[in-house]
1. Mind listing whichever residues of the stretch 222-244 are assigned to a helix (DSSP H, G or I) and among the small types (G, A, S)?
2. Can you tell me which of (1) touching a helix residue (DSSP H, G or I) at 6+ places or on another chain (Cβ under 9 Å); (2) away from the ligand (no atom under 16 Å from the Cβ); (3) among the hydrophobic types (A, V, I, L, M, F, W, C); (4) outside any helix (DSSP H, G or I) is the one V115 doesn't meet?
3. Give me the residue from the stretch 137-163 that is within 20 Å of E65 (Cβ to Cβ) and hydroxyl-bearing (S, T, Y) and, out of that set, nearest to the ligand (Cβ to nearest atom).
4. Among residues belonging to the stretch 57-112 that are acidic (D, E) and either surrounded by fewer than 20 Cβ atoms within 10 Å (Cβ to Cβ) or free of Cβ contacts under 8 Å to residues at least 24 places away in the same chain (or both), point out the one that is farthest from the ligand (Cβ to nearest atom).
5. Would you pick out the residues in the stretch 164-203 that are within 14 Å of the ligand (Cβ to nearest atom), surrounded by fewer than 17 Cβ atoms within 10 Å (Cβ to Cβ) and among the polar types (S, T, N, Q)?
6. From (1) in a loop (DSSP other than H, G, I, E, B); (2) out of contact with any Gly (no Cβ under 8 Å at 6 or more places or on another chain), pick out the condition that doesn't hold for P247.
7. Only residues that are more than 15 Å from the ligand (Cβ to nearest atom), buried (at least 19 other Cβ atoms within 10 Å of the Cβ) and not hydroxyl-bearing (S, T, Y): list them for the stretch 118-136, please.
Amino acid sequence: MKAGVIGYPISHSKSPIIHGYWLDKYNINGTYHSIEIKPEDLKSKIKNLINDNYNGFNVTVPHKENIVALCDELDDTAKKIGAVNTVVIKDGKLYGKNTDAFGFIENLKQNSKIVLNGSKIMVLGAGGAARAVLYGLLDADASEILLTNRTMEKAVTLQSLSPSKIKIIDWVEKEKYLSDINLLVNTTSLGMKNQPALEINLQSLNKNALVTDIVYVPLMTDLLTCAQINGNEIVTGIGMLLHQARPAFAAWTGVMPAVDNDLMAKVLS
Ligand code: ATR
């Protein structure tokens, strides 16, 4: 098995640690490389990967959208999300997948008892990550999603994923809606190391609501710490990163790997 992750810059990527861990754990002969590709070189460098007999690669910032046009086929999720994070190369053809929504949902499933079917959810943010999160929540049959973003037009664009289920609320009024939700998700970059704080007062949050953050540096964001103090159940964001990698590894090797504590410790260290 020969795979890697493409991005620019690429030094921050945790994917080599994750896939390297699974290659060892499952005793699979293979290599996983960090591949820096500048946006202007995307097409030519991908050709090199095909010629070098890669089985596929993961895709990270800033290529997730631009790779779509270079794929020969896309799975339904990648089509709907409009972005690809995993490519399988077969007979010189590129098959694009998106496993971010899977990663988000599997993280909640593994680390909480939340029933998403019929639930009422608030999603903060309307960037690329929000699109995958919304797709996952809709696929899991959430009944209502309150979507809010600093820039409302971006939320309006995402509403087209399901106009009947996604309701847009004003960014400055989000606290008013916290009392009857089952799940609060932060998909913004607020609260991430070197980014501004996410300012939200959780006092009126439903005590039974689960709170999750896709930010995982720091692992315990201020949002999660406040939620915990408030008595709410929390799920950290690192699991989304780990779980999104599983279907990629499975597609390249035939082995569906598990997320375990040793892997989590390795990625966080
Ligand atoms: P990603 O692909 O990780 O989702 P992105 O597409 O750049 O990254 O989205 C970043 C998200 O964080 C957006 O929802 C953004 O809000 P805007 O659409 O208004 O830019 C949100 N975000 C970033 N900085 C923010 C800030 N200072 N205040 C409020 N929201 C912010």
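1. Narrowing the stretch 222-244 to residues assigned to a helix (DSSP H, G or I): 222-229, 238-244.
Residues satisfying the conditions are A227, G239.
2. (1)
3. T151
4. D91
5. S189, N194, Q195
6. (1)
7. Applying the first criterion (more than 15 Å from the ligand (Cβ to nearest atom)) to the stretch 118-136 yields 118-121.
Subsequent filtering for residues that are buried (at least 19 other Cβ atoms within 10 Å of the Cβ) retains 119, 121.
Passing the criteria: only I121.
Since every read-out is calculated from the coordinates, none of them should be taken as a lab result. Being a predicted model, the structure only gives us computed values, none of them experimental. Don't worry about glycine lacking a Cβ; one is built from the backbone with ideal geometry, like all the others, and counts go over all protein chains shown.
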